[in-house]
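Accompanying notes for the structure given below.
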Ligand code: C2E
Ligand code: CA
Ligand code: CA
């Protein structure tokens, strides 16, 4: 038998039969239910609102209980709705179960043989719906917490990324021009060179530096200098759109051509860059014009390294500068190798001096009248531990450029004087030693004192020292060298003009100078054996007689044959030097020759 409302139950007057009992019972029940759950969780409802809500549930539960078959879905839904209405705690569920179990059937006056059984199942459904809703709500809550946390994290990450981006921009850009700086350029260059699979492609660099930028700074001040750099940066960026233009610092800029099609391409880029720099720039009321020098390196990615590229570009830039600036130069590996070798050799000179790797050979200067050795030229050699014996041609120029000729030449001078002093024992008028002096040595203020000290220390009489100076040294406009040479001449030291005839010296000028001897360059002597050497012979003859008129002796260099020696003697030349008389030789061999 289905469960029904008990027909005999007393009903208040005026209500339709069969339902009245149920509806007033529902009221009673709802009140009891509301009381039971009140305080089990925080409810945003007044007691009356809660009662009304639970009354609705009571009516629906009663209907579910009466339905055929038993309506468990409604039970579950009501469980869920309780949770939605914030009756949402374990306690709330417990009290609800208790009150439903104990009072619902009774208060509503429901009868039927399986009413208890149905009630239990309905209660189960309510509990299930309740528990599921509670679980879902917890999950939802967790989910929304998770979402909120995620949103917060995303937000924080974005802020971090933004500040990182700002920081990175600052770290990779130059504040003056806004161009990428050395850091970014280095990264991009490394990426271009190291990118996998790019081996066959080509990469290029234009390294440029403003010419005489210091003058702009000095003349107009740093502010104008900075503004000019800004203007140059702007123009380079605009002119070379598509390539990375970076400022490396100071007035140095670089253009990276990540995919070059060859040197022609790079030359085009270089010319665009130079033209952009050359445009007059209105800066702070001045119309400034600057030029730049530019070095181009272009090569296959395979085997290239950023460091090598930069170094090569830097060398090439210096070639452009050395050639006068306002131009580009293309990297030349052979030239670079040569310069590197020269540089290494030059850098090795001080240590070589310390280790005693230099030594002197002596070449006789022989009288053409009687064949006597009147002097000997000291010629420096370098016994290099790896390269073997080096002739002066391979290192003297380097030493002159670097200034190392001063200590080296000082050593030569001292060694030559020390050696020459030994020759005194050989005869009453022993030969003089003739020492080459480089321009720098002559220009150095301490030269006179240095020579005087040396003569004192070695006991060498001044007239047994001859200093060989090239024409160009003599022709220098500076007062100092001439004064120094005059002092030395007054001391009694002989002064010779070396390689005479290869420069611009004229004899009239020589009259003003404290010179004792001319060494006529080997070129003139070489002419003596050539057919048609008659003209050379006549020139030489008049040169000799003019020199004699000025009280100068003449030594001919590069005398290789007896014929040349004979002609030179006939012309009136005083002495000869060359293979015909003797090659440069160690000091002991010369000494043996003298005794
Ligand atoms: P130099 O002063 O004109 O020296 C003469 C050079 O001609 C020497 O070369 C000598 O070996 C070479 N020579 C001698 N006789 C003959 C010959 O018959 N035929 C030919 N073809 N050559 C001959 P070296 O020793 O190689 O010296 C080269 C240059 O190096 C010298 O030219 C001189 O300018 C410079 N030098 C050498 N020693 C010194 C030094 O101690 N100080 C400085 N500043 N320069 C030096
Ligand atoms: Ca010489
Ligand atoms: Ca010479």
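Tabulated values for the structure
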read-out: Residue in segment 419-438 that is farther than 22 Å from residue 486 by Cα and within 10 Å of ligand 1 (Cβ to nearest atom) present; value: no
read-out: Hits in segment 374-406 - residues which are more than 12 Å from ligand 1 (Cβ to nearest atom) and either free of Cβ contacts under 8 Å to residues at least 12 places away in the same chain or farther than 24 Å from residue 518 by Cα (or both); value: 383, 384, 385, 386, 387, 388, 401, 402, 403
read-out: Single match in 327, 381, 337 (criterion: surrounded by fewer than 19 Cβ atoms within 10 Å (Cβ to Cβ) and closer than 27 Å to residue 498 by Cα); value: 381
read-out: Hits in segment 99-115 - residues which are touching a helix residue (DSSP H, G or I) at 6+ places or on another chain (Cβ under 7 Å) and either part of a helix (DSSP H, G or I) or surrounded by fewer than 18 Cβ atoms within 10 Å (Cβ to Cβ) (or both); value: 99, 100, 101, 103, 104, 105, 107, 108, 115
read-out: Which numbered condition residue 437 fails, given (1) crowded, with 21+ Cβ neighbours inside 10 Å; (2) over 24 Å from residue 546 (Cβ atoms); (3) at pLDDT below 95; value: (3)
read-out: Residue 559 vs. criteria within 14 Å of ligand 3 (Cβ to nearest atom), under 60 Å from the mean Cα position of the chain (by Cα) and either more than 30 Å from residue 427 (Cβ to Cβ) or without any contact (Cβ under 8 Å) to a residue 40 or more places away in the chain (or both); value: yes
read-out: Meets criteria (surrounded by fewer than 20 Cβ atoms within 10 Å (Cβ to Cβ) and modelled with pLDDT of 95 or more) for residue 342; value: no
read-out: Residues satisfying the stated conditions in segment 424-442, i.e. in contact with a helix residue (DSSP H, G or I) (Cβ under 6 Å, 6 or more places away or on another chain) and either assigned to a helix (DSSP H, G or I) or outside the structural domain of residue 365 (by TED's automatic domain parsing) (or both); value: 426, 439, 440, 441, 442
read-out: Filter result (within 22 Å of residue 527 (Cα to Cα), within 16 Å of ligand 3 (Cβ to nearest atom) and in a loop (DSSP other than H, G, I, E, B)) within segment 562-595; value: 573, 574, 577, 578, 579, 580, 581, 582, 583
read-out: Residues (touching a residue at least 60 places away in the same chain (Cβ under 8 Å) and under 25 Å from residue 225 (Cα atoms)) located in segment 284-315; value: 284, 286, 288, 290, 291, 292, 293, 294, 295, 313, 314
read-out: Selection from segment 353-373 of residues that are without any contact (Cβ under 8 Å) to a residue 60 or more places away in the chain and surrounded by 18 or more Cβ atoms within 10 Å (Cβ to Cβ); value: 358
read-out: Some residue of segment 451-463 being surrounded by 15 or more Cβ atoms within 10 Å (Cβ to Cβ) and within 14 Å of ligand 1 (Cβ to nearest atom); value: no
read-out: Number of the exception - residue 246 against (1) in a helix (DSSP H, G or I); (2) under 22 Å from the mean Cα position of the chain (by Cα); value: (1)
read-out: Subset of segment 62-76 [surrounded by 19 or more Cβ atoms within 10 Å (Cβ to Cβ) and either out of contact with any helix residue (DSSP H, G or I) (no Cβ under 6 Å at 6 or more places or on another chain) or at pLDDT below 90 (or both)]; value: 66
read-out: Selection count, segment 402-440, where residues are within 16 Å of ligand 3 (Cβ to nearest atom) and within 51 Å of the chain's Cα centre (by Cα); value: 9
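For every residue, the table says whether it meets (1) within 16 Å of ligand 2 (Cβ to nearest atom); (2) in the same structural domain as residue 589 (by TED's automatic domain parsing); (3) assigned to a helix (DSSP H, G or I).
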residue: 366; (1), (2), (3): yes, yes, no
residue: 371; (1), (2), (3): no, yes, no
residue: 376; (1), (2), (3): yes, yes, no
residue: 379; (1), (2), (3): yes, yes, no
residue: 389; (1), (2), (3): no, no, no
residue: 393; (1), (2), (3): yes, no, yes
residue: 399; (1), (2), (3): yes, no, yes
residue: 410; (1), (2), (3): no, yes, yes
residue: 414; (1), (2), (3): no, yes, yes
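The values are calculated or read from the model by the stated rules, or taken from the named source; none is laboratory data. Keep in mind the model is a prediction, meaning the values are calculated, not measured. Every residue, glycine as well, gets a Cβ built from its backbone with ideal geometry; the counts of neighbours run over all protein chains shown.
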